[in-house]
Amino acid sequence: MTEHATPESPIDAAPFTSTSGITTPDAAAGTAEFATAHHGTAPVATPDAARTLPRGFKALSVPDLVTIGVFTAIYFVLVAVCTFASAIVFAGFGSILLPALCALAAGCVYMLLVARLGRFGGITVMGLVMGLFFLVSGHFILAFLANIVCALAADLIAAAGKYRSKAGILASYVVFSYGLTGPILPLWFMKDAYVAALEAKGKDASYIDGVFAQVNAGSFWLAMAAILVCALIGGWFGQRMCAKHFAKAGII
């Protein structure tokens, strides 16, 4: 009986076959040729991270971490300076108005970090470092939680605008600035625990009375409003400085 040759199907005629799911060089070449013949262009391979992560959400590199560390250190120094200044300038309101003073002074540092990094993680790490500092220095855990929650929220707000929206970045700075309320919120919401902590440190009744002399509903809303106003001013000033001076100097 004579066997008749049958025409090869397109699959049989392809320059590769695979039954194991492993792509060979011939398989890749065949795929590219097929795509070129039918669509005019060969497929472009992309890394898995590029396919799965949206813009701005990329893994931080070692240079990124160094940049974050530098700006976090500068921010920490500014907070320390503001702590001493608020105690002198604002007297009894020193601790209550400290977050607002820091928000006014640190706008440039925040805006420079966002401009230099331009990706998710930098703001969060800065807030995490500050929260850990407050935690290990004897503050309530609320000080840590406020910093990390506000920093994460600020990072997400900035990421929503791909770290390019001026309004979005300014809004993120306002939210970030509220993280420094962590050390003072117990004055209003954890008074008994705060008093017990002061007594454990050997503080007398007159000192404790002085700490709580200005703690009331009015001072709470004053502190919150002051942070909002000072963060808007400090953030706006930071953006102006970045645009007028730092960009021209090649810093960003």
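Brief remarks follow.
- Of all residues in region 115-149 being open to solvent by less than 10 Å² (accessible area, probe 1.4 Å) and hydrophobic (A, V, I, L, M, F, W, C), the one that is farthest from the chain's Cα centre (by Cα): A143
- A160 vs. criteria surrounded by fewer than 21 Cβ atoms within 10 Å (Cβ to Cβ), within 23 Å of I96 (Cβ to Cβ) and either of a type in the set (G, A, S) or in contact with a strand residue (DSSP E or B) (Cβ under 8 Å, 6 or more places away or on another chain) (or both): no
- Looking across region 162-179, just one residue is farther than 18 Å from G238 by Cα and modelled with pLDDT under 95, and that is K162.
- Identity of the residue in region 66-85, in contact (Cβ under 8 Å) with a residue 12 or more places away in the chain and within 17 Å of G118 (Cβ to Cβ), that ends up surrounded by the fewest Cβ atoms within 10 Å (Cβ to Cβ): T67
- Residue check, A143 touching a Pro at 6+ places or on another chain (Cβ under 6 Å), aliphatic (A, V, I, L, M) and either assigned to a helix (DSSP H, G or I) or in contact (Cβ under 8 Å) with a residue 24 or more places away in the chain (or both): yes
- Scanning region 100-140 for residues that are part of a loop (DSSP other than H, G, I, E, B) and more than 24 Å from L222 (Cβ to Cβ) yields G118, R119, F120, G121, S137, G138.
- Within the span defined as region 169-177, every residue fails to be without any contact (Cβ under 8 Å) to a residue 12 or more places away in the chain and either open to solvent by less than 70 Å² (accessible area, probe 1.4 Å) or more than 17 Å from the chain's Cα centre (by Cα) (or both).
The values are calculated or read from the model by the stated rules, or taken from the named source; none is laboratory data. Everything quoted here is computed from the prediction, not taken from an experiment. Don't worry about glycine lacking a Cβ; one is built from the backbone with ideal geometry, like all the others, and counts go over all protein chains shown. For the accessible areas, the whole protein counts, side chains as well, though only heavy atoms, and no ligand, DNA or RNA atoms are used. Shrake-Rupley method; radii C 1.70, N 1.55, O 1.52, S 1.80 Å.
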